[in-house]
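Taking it in order: structure first as structure tokens, then the write-up.
Just so you know, all these numbers are worked out from the coordinates, no wet-lab data involved. What you see is a predicted model, and the numbers here were worked out from it, not measured in a lab. Glycine gets a Cβ as well: all are built from the backbone with ideal geometry, and neighbour counts include every protein chain shown.
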Amino acid sequence: MSRWTAALIGFLGVAAALAAGHLVAGLVGPTASPFLAVGNTAIDFTPSPLKDFAVRTFGTYDKLVLLLGMAVVIAAVAVVAGLLSRRSALPGTLLAAALGAVGVAAVLYRPDLGSLGVLAPIAAGVVGVLVFRWLHRVATDSASPGEGRRTFLIAAGASVLAGLGGQFLGTRGDVEGSRRAVGRLKVATPAPAIPAGVDFVADGTPPFITPNQDFYRVDTALSVPRVLAEDWELRVHGLVDRELRLRYADLRDRDLVERTITMTCVSNEVGGPYVSTANFIGVPLRDVLLEAGVRPGADQLYSTSVDGWTAGSPVDVVLEEDRGALIALGMNGEPLPVEHGFPARLVVPGLYGYLSATKWVVDLELTTFADKRGYWLERGWGQRAPVKVMSRIDRPQGFATVRGRTVVSGVAWAQPTGVAKVEVRTDGGPWRDAALAVAVNGSTWRMWRAELDLPPGGHTVECRATDRAGVTQPSERVAPVPDGATGWHSIFFTVE
Ligand SMILES: Nc1nc2c(c(=O)[nH]1)N[C@H]1C(S)=C(S)[C@@H](COP(=O)(O)O)O[C@H]1N2
Ligand SMILES: [Mo]
């Protein structure tokens with residue numbers, strides 16, 4: 001058998017295995033697909049520095065990069081196994097079986113999959129072994145090259161069809177249908193209208209309210225959990241006087257409140273993009289916790305997503321009356337987008353998302369920090385991480401060339417205290433106050449701008465914010481790990 005044939009057989013055998021797994025997963029649970037289950041498990045086991053690097057470098061595309069990387073590695077292994085199988089079909093057979101076994105292990109490790117989920121990797125292993133051996137026999141025995149080619153085409157075509165079929169079954173429109181059926185949420189207490197003059201979009205800041213499709217996204221979910229509102233239930237338990245089980249309709253029919261909140265990711269670097277603002281609609285988290293009756297001794301609200309991700313928020317913070325923490329159902333007038341946690345998520349102003357903003361939330365347990373550790377706490381991030389006062393320059397962009405008068409603009413945030421002042425300086429000179437846009441509330445960002453008269457040539461501009469409690473953003477550069485970056489954002493540009 002030629003090397004090309006051997007390599008192709010290895011590749012086709014593995015492709016058939018993955019496709020069969022994907023097809024069965026479409027029936028028993030999309031995340032059981034061996035490819036996704038292995039990828040999701042890989043994310044959980046990835047050392048934190050590497051994960052932080054991926055979020056920093058690829059942002060929302062980190063998962064796409066992981067999937068592509070896995071595809072390249074698996075294809076390479078498959079080709080090597082094929083090449084090793086020129087005399088005997090054993091190496092390829094072992095690889096296909098091993099693939100199935102790794103898939104089974106990954107599925108068993110996923111907390112979001114029932115026991116039926118193992119059917120997908122088992123199907124992958126069995127189909128992989130059978131297809132590989134079949135192709136190998138045809139390649140070894142067939143009298144005419146035409147027969148081999150025909151067989152390979154059939155195997156390739158069937159794999160593509162099975163893969164597409166699994167994709168179709170796994171993403172059937174039911175979540176979007178469920179979201180549409182929810183329709184417009186009825187808000188009893190709308191947020192105060194956003195006044196005029198809250199941003200400087202013409203000067204380069206983002207709009208005050210971030211449109212849903214532009215809202216930053218950070219999570220560990222390789223495939224977005226697809227939970228139907230009608231199936232959703234939130235359990236509130238642990239150190240409580242009475243356990244609660246809340247259905248979607250129970251929450252939707254309450255007096256919903258709307259709050260304008262800026263969310264921030266702890267992984268955001270100085271000058272980074274992981275900060276956005278929305279009008280969140282939901283039920284006050286505090287009310288639900290008081291209904292359950294928090295027992296003394298509970299210092300952690302441990303929230304769990306349907307995909308097993310967890311966060312631990314300080315109970316004293318989420319119970320603060322002015323904090324405005326929400327079990328959010330909606331965002332900017334719509335039910336939550338699926339990527340942002342449909343049907344429900346937590347939002348706690350002033351805490352970084354990793355210890356508060358659980359998307360696809362299904363479980364709230366009152367417990368202690370001594371007893372349980374959330375996903376990122378377990379991976380070296382801080383237990384308490386209030387948002388740090390921060391400011392960012394949006395214009396000019398780094399290394400831009402500016403003509404005429406220089407307008408510098410950006411955003412600053414210090415939830416839940418609010419921004420009192422933003423200063424800028426050029427080339428290490430004296431600080432001067434920037435003009436602030438109209439404030440909305442302490443839990444939202446604040447836009448700023450300053451006009452500078454600068455001589456032609458290269459210049460560096462820096463900014464720093466001060467919150468309403470008088471805390472000024474420190475110059476010291478600190479990395480995001482373990483509880484948020486600090487330092488002044490600095491931009492070099494040229495005046496013509
Ligand atoms: N289920 C789940 N919820 C999660 C996460 C996650 O990985 N899984 N990431 C958290 C982090 S780190 C942040 S910063 C926010 C981001 O929310 P967004 O994607 O809606 O902006 O969600 C939080 N909620
Ligand atoms: Mo985050």
Share, in percent, of DSSP beta bridges within the chain that are antiparallel, nearest 5: 90
Give me D44, D483, D174, D307 sorted ascending by neighbouring Cβ count inside 10 Å, so fewest comes first. D174, D44, D483, D307
Would you kindly calculate the translational diffusion coefficient of the stretch 205-330, applying Stokes-Einstein with the Kirkwood radius from alpha carbon pairs, for 10 °C and a viscosity of 1.306 mPa s, and quote it in µm² s⁻¹ without decimals? 97
Here, trypsin sites (Lys or Arg not before Pro) of the stretch 431-487 satisfying both criteria (DSSP loop; at most 13 other Cβ within 10 Å) are R477
Can you grab the distance from the C-alpha centre of the stretch 68-144 to the C-alpha centre of the stretch 276-312, Å, no decimals? 43
Which value at 222 nm does the chain reach when only helices count, each DSSP H run of 4 or more adding -39,500 (n - 2.57), with the total divided by all residues and rounded to the nearest 500 deg cm²/dmol? -11000 deg cm²/dmol
Mind putting a number on the dipole of the stretch 390-495 about its Cα centre? Charges go on the C-beta only, +1 for Lys and Arg and -1 for Asp and Glu, and I need it in Debye to the nearest 20. 220
Treating the Cα atoms of the chain as identical point scatterers in vacuum, please give the log10 of the normalised Debye intensity I(q)/I(0) at q = 0.07, 0.09, 0.10 Å⁻¹, two decimals. -0.48, -0.73, -0.85
Any idea what log10 I(q)/I(0) is at q = 0.19, 0.23, 0.26 Å⁻¹ for the stretch 8-95, Debye with uniform C-alpha scatterers and no solvent? -0.92, -1.08, -1.18
Just flag the GluC sites (Glu not before Pro) in the stretch 283-386 sitting in loop per DSSP whose Cβ has no more than 13 other Cβ atoms within 10 Å. E321, E378
In nm², what is the average projected area of the convex hull enclosing the Cα atoms of the stretch 424-496? 6.2
Compute the signed sum of charges (Lys and Arg +1, Asp and Glu -1) over the other residues within less than 14 Å, Cβ to Cβ, of V275. 0
